[in-house]
Amino acid sequence: MVKLLNPLFSNTASGRFGGLIYESGPWGPYAKALVPQHRKPTAKQIQQNYFFGIAADSWRELTDAEKAEWNVKARGMKMTGFNLYIKENIEHP
């Protein structure tokens, strides 16, 4: 991982470009190598990704007031309202 100063001629860069992933962290922008995945996901992983997608879609349908309520609930748990919502609403087979 390489710390960057003005990555890709900007103050911040994010995403994939040229075999690298550009991200920002608490210490500032950085780049890391894009490592391809060699193994296929298992059936359980595919199923869990499906259930996560359903929960994430339902989060997007909430009103801003409902999302704010989840954020307030999550404050003392050191997580975001989105994380708490997913944790409580994802289906576990």
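The values are calculated or read from the model by the stated rules, or taken from the named source; none is laboratory data. What you see is a predicted model, and the numbers here were worked out from it, not measured in a lab. Positions of Cβ are generated from backbone atoms using ideal geometry, with glycine treated the same way; all protein chains shown enter the neighbour counts.
Residues that are over 25 Å from LYS87 (Cα atoms) and touching a residue at least 12 places away in the same chain (Cβ under 8 Å) within the range 25-55 comprise TRP27, GLY28, PRO29, TYR30, ALA31, LYS32, ALA33, LEU34, listed in sequence order.
Tell me, yes or no, whether the range 36-56 has at least one residue that is in contact with a helix residue (DSSP H, G or I) (Cβ under 6 Å, 6 or more places away or on another chain) and either of a type in the set (Phe, Trp, Tyr) or modelled with pLDDT under 75 (or both). No; the residues of the range 36-56 include none that is in contact with a helix residue (DSSP H, G or I) (Cβ under 6 Å, 6 or more places away or on another chain) and either of a type in the set (Phe, Trp, Tyr) or modelled with pLDDT under 75 (or both).
I need the full set of residues from the range 23-68 which are outside any helix (DSSP H, G or I) and within 24 Å of MET79 (Cα to Cα), in order please.
GLU23, SER24, GLY25, PRO26, TRP27, GLY28, PRO29, TYR30, GLU61, LEU62, THR63
Pairs linking a residue in the range 56-75 that is touching a residue at least 24 places away in the same chain (Cβ under 8 Å) to a residue that is surrounded by 13 or more Cβ atoms within 10 Å (Cβ to Cβ) and of a type in the set (A, V, I, L, M), with Cβ atoms under 8 Å and 6 or more positions apart or on different chains, are ALA56/ILE86; TRP59/ILE86. Count of the range 83-93 residues, restricted to those that are in contact (Cβ under 8 Å) with a residue 24 or more places away in the chain and not in a loop (DSSP other than H, G, I, E, B), is 3.
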